[in-house]
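For reference, the structure is listed below as structure tokens.
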């Protein structure tokens with residue numbers, strides 16, 4: 001499948017206080033077709049907040065999307081985020097496989113009448 005308008009791959013990174021909040025937000029954003037995939041894991045974050053060193057476990061999420069949906073994705077993350085000052089960082093993907101980029105473009109395309117298999121299911 002050829003990608004029209006030569007989209008590029010984008011990763012939006014953000015941290016969340018708990019797994020429940022990121023799962024809820026991730027499901028909404030995937031259903032809205034603003035991202036193709038969200039990968040998350042528990043991390044330990046050390047940072048200065050209000051002149052105090054903080055040391056907490058958080059969840060870091062990597063939202064995989066395309067250049068055509070990145071701005072909408074970031075504004076939706078900001079609107080739904082539980083933190084008052086959320087970390088929202090956009091990273092441009094370089095040298096992404098054509099098949100993965102095509103899958104992301106298809107997964108973030110607004111509903112089409114013709115459903116196709118994504119090829120991203122688990123291998124047996």
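Each value in this text was obtained by applying a stated rule to the coordinates, not by laboratory testing. In this text, all values refer to a predicted model and were calculated from it rather than measured experimentally. So basically every Cβ, Gly included, is an ideal-geometry build from the backbone, and we count neighbours across all protein chains shown.
If each of residue 6 and residue 54 carries a label point 7 Å out from its Cα toward its Cβ, how far apart are those two points in nm?
4.1 nm
Measuring from label point to label point, each 7 Å out along Cα→Cβ, what is the residue 98 to residue 79 span in nm?
The modelled label-to-label distance comes out at 3.6 nm.
How would 104, 93 line up from fewest to most surrounding beta-carbon atoms within 10 angstrom?
Numbers: 104 26, 93 17.
Listed from fewest to most nearby Cβ atoms, that is 93, 104.
R0 = 25 Å: FRET efficiency of residue 109 with residue 27, Cβ-based, nearest 0.05?
0.85
Once you have the Cα-Cα distance between residue 87 and residue 46, take 0.36 nm times their residue separation minus that, and quote the gain in nm to one decimal. Let's see the in-between values first.
Values: separation 41, 0.36 × 41 = 14.76 nm, distance 1.36 nm.
Residue separation times 0.36 nm, minus the Cα-Cα distance, leaves 13.4 nm.
Let me check I have the definition right: for the range 21-65, take the eigenvalues of the Cα gyration tensor, multiply each by 5, take square roots. What are those semi-axes in whole Å, largest first?
One finds semi-axes of 27, 10, 9 Å for the range 21-65.
Would you please state the base-10 log of I(q)/I(0) at q = 0.21, 0.22 1/Å for the range 4-107, with intensities from the Debye formula using one equal scatterer on every alpha carbon?
-1.06, -1.14
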